[in-house]
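Beneath this line is the structure, given in structure tokens, with notes to follow.
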Amino acid sequence: MRIPTPLFFFCFCSLLLSPTSPAGAEFDGDYSKLSGIIIPGFASTQLRAWSILDCPYSPLDFNPLDLVWLDTTKLLSAVNCWLKCMVLDPYNQTDHPECKSRPDSGLSAITELDPGYITGFDAYPSITEIAQSNVSNMECGLPTQLSFSAREISDGTFFKAIEDYDPDSKRVLYQLQKSYHEDPVLNPLTPWERPPIRNVFCIYGTDLKTEVGYYFAPSGKPYPDNWIVTDVIYEIEGTLTSRSGNLIEGNPGVVSGDETVPYHSLSWCKSWLGPKVNITRAPQSEHDGSDVQVELNVEHNHDEDIFPNMTRTPRVKYITFYEDAASIPGKRTAVWELDKTNHRNIVRSPVLMRELWLQLWHDIHPKATSKFVTKAKRGPLRDDNCYWDYGKARCAWPEYCEYRYVFGDVHLGQSCRLKNSSAKMLLNYL
């Protein structure tokens with residue numbers, strides 16, 4: 001299978017480099033002083049067809065320069081045809097004889113597609129942990145049910161077990177070993193350690209219905225139609241449910257993923273936090289600090305997840321900050337979890353952009369005294385954040401905003417703008 005560029009966008013923040021470095025010059029200093037921001041789904045590489053492929057019984061053929069990764073219409077409507085353009089021969093990495101595809105170029109190659117996802121491991125139960133019967137109404141009768149955890153898929157146990165059902169599994173197992181187990185970066189059995197750089201900020205969404213497992217059954221047809229999906233398992237609000245509506249036994253997380261990536265995968269970077277972690281939960285919208293909750297020096301075991309003992313107000317979306325600036329001298333590690341934030345749309349989130357801007361502004365300000373920007377209060381930072389409070393007949397946030405009509409305004413809210421003195425308010429975030 002062709003592998004688009006990684007799911008997680010890793011940004012090295014040049015604002016923290018020496019201001020004397022000339023623009024455009026290569027960085028030849030200490031990489032440990034760089035800062036990284038990890039955000040799911042920001043960039044992947046488009047693939048375009050380089051040949052003509054006629055898809056039988058479908059009007060959705062592939063022509064040169066047609067999108068392959070990712071054309072969701074063809075993926076859903078002509079999946080077998082689409083696979084021919086995506087699959088490489090596992091032994092010599094050559095194209096399928098009927099279709100060729102190549103990476104796209106230009107900015108659109110990383111900005112106009114649906115990103116993929118990675119799978120966690122050890123989060124969900126295996127056949128040894130669940131004794132569950134599944135009655136199938138398929139024509140093939142009542143097949144033997146085998147259940148596998150994500151770990152057992154990653155280490156090849158799954159493909160070895162289905163060799164009697166799927167002779168093509170040997171090819172897939174070879175590809176798994178050659179392309180993943182023998183790769184020091186992509187090997188799913190050797191989890192990533194914290195990058196050896198100065199600052200790491202890992203940011204992702206949570207609390208959305210996310211696919212975490214599937215039920216397959218043999219179809220009796222040749223590859224690639226030899227398996228069909230009979231049911232899908234989702235994680236949502238601390239439970240595992242199937243597409244058919246049944247509750248599934250297992251080990252669901254406290255929260256769910258971002259609609260694309262399971263929470264167990266997203267939260268892996270929390271294992272990089274040190275033994276003492278400061279946790280802050282605050283509303284995503286502008287707030288006066290009354291609903292901010294803080295837990296300092298929470299104990300955390302290495303390579304384990306960590307959860308705060310905090311409350312939630314109904315219908316309020318929060319952002320939870322996990323911060324550690326003490327375990328590694330001179331380095332900071334932070335994890336931000338944004339409630340109800342979709343995988344693809346997280347980089348369009350004004351809340352995320354606000355928090356990133358405040359953190360970067362804090363880091364470069366000479367008067368900053370704390371390791372992280374304060375979360376005690378969030379007021380408007382742009383004119384768009386000001387609005388009219390009809391109950392009080394004035395602009396909301398009078399400390400930050402004022403009524404200032406400009407020709408062309410068509411309603412009261414448009415005339416609410418930041419005060420000229422709002423720049424001084426930024427000093428409160430130091």
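Roll a 1.4 angstrom probe over the protein heavy atoms and tell me the percent of accessible area of segment 379-429 that is carbon or sulfur. Could the numbers behind the result be given before it?
On the way: 1790 of 3290 Å².
C and S atoms contribute 54 percent here.
The residues K367, K74, sorted by heavy-atom accessible surface at 1.4 Å with ligands and nucleic acids left out, run K367, K74 from largest to smallest.
Based only on Cα atoms, what Rg/Rh ratio does segment 239-373 have, Rh being taken as Kirkwood's radius?
On the way: Rg = 16.3 Å, Rh = 16.6 Å.
Using Cα coordinates only, the ratio equals 0.98.
Amide H contacts for K419 (H built 1.01 Å from N in the peptide plane; partners 5 or more residues away or on another chain; cut-off under 5 Å): C401, E402. Couplings 3J(HN,Hα) of segment 70-82, computed from phi: 10, 9, 5, 5, 6, 4, 7, 9, 9, 5, 5, 5, 5 Hz, in residue order, whole Hz [Karplus 6.51 cos²θ - 1.76 cosθ + 1.60, θ = phi - 60°; x for Gly and Pro]. Scanning residues 5 or more positions from I236 or on other chains, those with amide H under 5 Å from its amide H are T241, with H placed 1.01 Å from N in the peptide plane.
State, as an integer percentage, the relative contact order of segment 379-429 based on alpha-carbon contacts under 8 Å between residues 6 or more apart. Walk me through the numbers before you get to the answer.
On the way: 66 pairs, mean separation 18.6, N = 51.
Computed value for segment 379-429: 36 percent relative contact order.
Remark: segment 245-260, residue by residue, has Karplus-estimated 3J(HN,Hα) of x, 8, 6, 10, 6, x, 10, x, x, 5, 10, 9, x, 10, 5, 10 Hz, where x stands for each Gly or Pro and the curve is 6.51 cos²θ - 1.76 cosθ + 1.60 at θ = phi - 60°.
Cα gyration tensor of segment 182-226, axes a ≥ b ≥ c as square roots of the eigenvalues: rounded (a/c below 1.5), prolate (a/b > b/c) or oblate? Show your work: numbers first, answer last.
Working: a/c = 4.61, a/b = 1.81, b/c = 2.55.
Judged from the Cα gyration tensor, segment 182-226 comes out oblate (a/c at least 1.5, b/c at or above a/b).
The distance from the alpha carbon centre of segment 365-389 to that of segment 271-292 is 15 Å, rounded to a whole number.
In segment 225-305, how does Rg compare with the Kirkwood Rh, expressed as the Rg/Rh ratio over alpha carbon atoms? It would help to have the intermediate numbers written out before the result.
Working: Rg = 17.5 Å, Rh = 15.7 Å.
Here Rg/Rh amounts to 1.11.
In terms of its C-alpha gyration tensor, segment 173-262 has an oblate overall shape, because the principal axis ratio a/c (a ≥ b ≥ c, square roots of the eigenvalues) is not below 1.5 and a/b does not outweigh b/c.
How compact is segment 379-429 by the rule of thumb for globular proteins, expressed as Cα Rg over 2.2 N^0.38 Å? Could you put the intermediate results ahead of the total?
On the way: Rg = 10.8 Å, N = 51, 2.2 N^0.38 = 9.8 Å.
This ratio for segment 379-429 stands at 1.10.
Using the average count of surrounding beta-carbon atoms within 10 Å as a protection proxy, the listed peptides 346-357, 188-199 rank, highest first, as 346-357, 188-199.
Given a 1.4 Å probe and the protein chains as shown, C395 ends up with an accessible area of around 10 Å². Accessible area of V254 (1.4 Å probe, protein heavy atoms only, ligands and nucleic acids ignored): about 90 Å². Note on exposure: E249, E98 ranked by accessible area (1.4 Å probe, complete protein assembly) read E249, E98, with the most exposed listed first.
The H on the amide N of I228, modeled in the peptide plane, is under 5 Å from the matching H of A217, S219, each at least 5 residues off or on a different chain. Exposure check, 1.4 Å probe, all protein chains in place: H96 carries approximately 50 Å² of accessible surface.
Ordered by solvent-accessible area of protein heavy atoms (1.4 Å probe), largest first, the residues Y318, Y403 come out as Y403, Y318.
The values are calculated or read from the model by the stated rules, or taken from the named source; none is laboratory data. Being a predicted model, the structure only gives us computed values, none of them experimental. Methodologically, a virtual Cβ is constructed for each residue, glycine included, from the backbone with ideal geometry; neighbour enumeration extends over all protein chains shown. The accessibility values were calculated without ligands, DNA or RNA, using every heavy atom of the protein model including side chains. Shrake-Rupley method; radii C 1.70, N 1.55, O 1.52, S 1.80 Å.
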